[in-house]
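Here's the structure we're looking at; comments come further down.
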Amino acid sequence: MNVRRDYSNIFYKNFLREEYCMSQEIRVRFAPSPTGPLHIGGARSALFNYLLAKKNNGKMLLRIEDTDRERSSSESEENIKDSLKWLGINWDEGVDVGGEYGPYRQMERLDIYKKYIDKLLSEGKAYKCYCTEEELEKQREEQRARGETPRYAGCCRDLTPDQEEKFQAQGRRPVIRFRVPGGEIIRVDDAVRGKVNFESDGIGDFVIVKSDGIPTYNFAVVVDDHEMKITHVIRGEEHLTNTARQVLLYEALELSQPTFAHVSLILGKDRSKMSKRHGHTSVVQYRINGFLPEAIVNFLALLGWSPEGEEEIFTLDELIKQFSLDRVVKSPAVFDMEKLKWINGYYIRNSSIERIVELAIPFLQEAGYLDENVDEEKRQWVSMIVAAVRNRLSTVREIVDYMELFINDEIKPESEKALKELQGEQVSQVLETLLSKLQEAEDLEPENVKKILKSITKELKLGGRKVFMPIRIALTGQMSGPEMHDVIPVLGIEKVEKRISYVKENFLQ
RNA sequence: GGCCCGUUGGUCAAGGGGUCUAAGACACCGGCCUUUCACGCCGGUAACAGGGGUUCGAAUCCCCUACGGGUCACCA
């Protein structure tokens, strides 16, 4: 069903009113749990939220969902914030920057949740459950064995005060469960998927407060989104089924619901949810492998969303102008590394030399081609290399692969074919001429070298190939590569001399 | 397995019943440029999962099947 443009849909009318008429400020949030580095899929969710907010002059919030004390870490939180900033996704409210609906870390909001819990408890919409994990696990086993859907059986639904006392005396620490009403159809309105229905009977009474007193995700997220006046919840499709539970909570608490938008998953090459075995999954990994943030943003935006026109290259600002939720698709997208590399290469080619030099330096240091301290001379050197190889790079890191070409003076022809090129009868004359011309040259600027190269063909009355190929192979050993007039300036006269005499001794007839 | 979502070329995707003989991008192939390769430019191959309906007419609406995915925690 093509719900995206079903204007008769009441929900959609409301949505349009909000999005385009600004009767209400758009407030969105990205709410990661700090249990690992920012995932590429999370980054896309954050991006879509950000784009929707900025497009509508709304607010983007960053909330940290750290209720899993076992797995949450401040390193992960830092990683997530760093990655977001690196991508250019900033937040108007939230952790670190504050705001009037704080605090923005869930563990700092425990007293806020308590109010809502008490309300549910006193209205009988939630109850304490004393079952132990082992008991529940056993139950689930049995249900599975019988071919049933594992679900909480409701043992503690109607405990008498006596029973409760007994359990407490045993030292059992209760969880609090939400009493899921039976026989109801739960309707989830989703901006990308339309109306999705769930049966409440398919959902067991779920835990809203853990035995350590900390609320679970499904509960905290509802309270926070309400308290923080979130208008649109854009998140991954894996949350779609959770949304049913959350809707139940919104209803029980008598809170109005935000607009939900569940974006489909990003898949690996084998079409399963992207995970480590598909390669890099976190934003930092792309960063440390020489991807540019604007390339990642551009690429991610195109996964699941499409612009109206035919342009494919967008800056963040352009994306903000163009973005709209009704152009987000429902079907999952395979992460296409080839296209990412192409986009990245595009941005590398269109960046300034200086910027690529800055980005390249750490990779060159890591590979041992540069010391910790990079002086002006070295920087110049790198700059010439970047100029020579820039349009062949799809990641900045790849510059490392070209370094041997500029360093190692013991040139060996890469193949039989290359060797043959060196053994033509004109070769030694070509190399002699090149050498003397370079020695006499006023400078070795690329433009000048280009002229010199050209003049050799004229002077010796030789075809270009007979001149260029031997020089290329003598100087680099390879039959293809960056322009010779870019390579020679990097080498300098000394290295050219060295390489030519080495080749003469070893490979010329 | 239950529930939920999805299915247009190898991949991302446009598409709102006739204008679809189905856009664009990546990849691939060919040509031009460059006396190399790359970049750039031009061109080409390649798709509506299958079956039923509805309709004068379906990629588009409905149903079924198949396939893929997600989810069924005191994780988020």
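At-a-glance table
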{"quantity": "Cα-projected label distance for A:GLU184 with A:ILE493, points at 7 Å along beta-carbon direction, nm", "calculated": "8.7"}
{"quantity": "Dipole of segment A:152-303, positive direction: furthest Cα of A:SER272, A:VAL233, A:ILE186, with charges on the beta-carbon", "calculated": "A:SER272"}
{"quantity": "From phi via Karplus (6.51, -1.76, 1.60), per-residue ³J(HN,Hα) for segment A:285-300 in Hz, x at Gly/Pro", "calculated": "4, 6, 4, 7, 10, x, 8, 8, x, 5, 6, 4, 4, 4, 5, 4"}
{"quantity": "Amide hydrogen neighbours beyond the local backbone of A:GLY194, cut-off 5 Å, H modeled", "calculated": "none"}
{"quantity": "Karplus (6.51, -1.76, 1.60) ³J(HN,Hα), θ = phi - 60°, over segment A:437-452, in Hz, Gly and Pro reported as x", "calculated": "5, 5, 5, 7, 4, 5, 8, 10, 5, x, 4, 5, 4, 4, 4, 4"}
{"quantity": "Estimated FRET transfer efficiency when R0 is 35 angstrom, pair A:ASN197-A:ASN289 (beta carbons, to 0.05)", "calculated": "0.20"}
{"quantity": "Rg/Rg_ref, segment A:387-437, where Rg_ref = 2.2 N^0.38 Å and atoms are Cα", "calculated": "1.51"}
{"quantity": "Interchain or long-range residues, amide H under 5 Å from A:ALA126's placed H", "calculated": "A:LEU121, A:ARG179"}
{"quantity": "Cα lying deepest toward the dipole's positive end in segment A:323-426, options A:VAL400, A:ASN344, A:TRP381, charges on Cβ", "calculated": "A:ASN344"}
{"quantity": "Cα shape, segment A:35-74, gyration tensor, a/c 1.5 rule", "calculated": "oblate"}
{"quantity": "³J(HN,Hα) computed for each position of segment A:259-273 - Karplus, 6.51 cos²θ - 1.76 cosθ + 1.60, integer Hz, glycine/proline x", "calculated": "7, 9, 9, 9, 8, 5, 6, 9, 9, x, 4, 8, 6, 9, 3"}
{"quantity": "Distance between modelled label sites at A:ASP96 and A:SER306, nm, 7 Å Cα→Cβ extension", "calculated": "3.5"}
{"quantity": "log10 of Debye I(q)/I(0), alpha-carbon scatterers only, for segment A:89-197 at 0.09, 0.11, 0.12 Å⁻¹", "calculated": "-0.43, -0.63, -0.73"}
{"quantity": "Prolate/oblate/rounded call for segment A:181-273, Cα gyration tensor, a/c under 1.5 rounded", "calculated": "rounded"}
{"quantity": "Charged-residue dipole, Cβ positions (Lys, Arg, Asp, Glu), segment A:112-242 about Cα centre, Debye nearest 20", "calculated": "200"}
{"quantity": "Rule-of-thumb Rg ratio for chain A [Cα; 2.2 N^0.38 Å; N residues]", "calculated": "1.35"}
{"quantity": "Volume in Å³ per residue [convex hull over Cα atoms, computed for segment A:413-465]", "calculated": "91"}
{"quantity": "Gained length - A:ASN506 relative to A:GLN365, 0.36 nm times residue gap less alpha-carbon distance", "calculated": "47.5 nm"}
{"quantity": "Estimated 222 nm signal from helices in chain A, with DSSP H stretches of n ≥ 4 weighted -39500 (n - 2.57), rounded to 500", "calculated": "-15000 deg cm²/dmol"}
{"quantity": "Square roots of five times the Cα gyration tensor eigenvalues for segment A:202-349, Å", "calculated": "34, 19, 14"}
{"quantity": "Solvent-accessible surface (1.4 angstrom probe) belonging to A:GLU199, in square angstrom, nearest 10", "calculated": "120"}
{"quantity": "Förster radius 45 Å - calculated FRET efficiency between A:THR241 and A:ASP162, Cβ distance, rounded to 0.05", "calculated": "0.75"}
{"quantity": "Gain on full stretching of the segment that runs from A:GLN426 to A:ILE112 - 0.36 nm per residue minus C-alpha separation", "calculated": "104.5 nm"}
{"quantity": "Inter-centroid distance (Cα atoms) of segment A:376-423 relative to segment A:219-292, Å", "calculated": "44"}
{"quantity": "If the convex hull is drawn through the Cα atoms of segment A:348-422, its volume per residue in Å³", "calculated": "109"}
{"quantity": "Within chain A: Cβ-based charge dipole about Cα centre, in debye rounded to nearest 20 (Lys, Arg +1; Asp, Glu -1)", "calculated": "1320"}
{"quantity": "A:GLY94 long-range amide H proximity, modeled H, under 5 Å", "calculated": "A:LEU62, A:GLY99"}
{"quantity": "Net dipole in debye of segment A:143-196 [+1 Lys, Arg Cβ; -1 Asp, Glu Cβ; about Cα centre; nearest 20]", "calculated": "260"}
{"quantity": "Gain in span if fully extended, A:LEU419 to A:ASP270, counting 0.36 nm per residue against the direct Cα distance", "calculated": "49.3 nm"}
{"quantity": "Relative compactness, segment A:451-494, computed as alpha-carbon Rg over 2.2 N^0.38 Å", "calculated": "1.13"}
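The values are calculated or read from the model by the stated rules, or taken from the named source; none is laboratory data. None of the values given here were measured: they were computed from a predicted structure. Ideal geometry is used to build each Cβ from the backbone, glycine not excepted, and the neighbour counts take in all protein chains shown. Areas reflect the complete protein model, heavy atoms only, side chains present, ligands, DNA and RNA absent. Shrake-Rupley method; radii C 1.70, N 1.55, O 1.52, S 1.80 Å.
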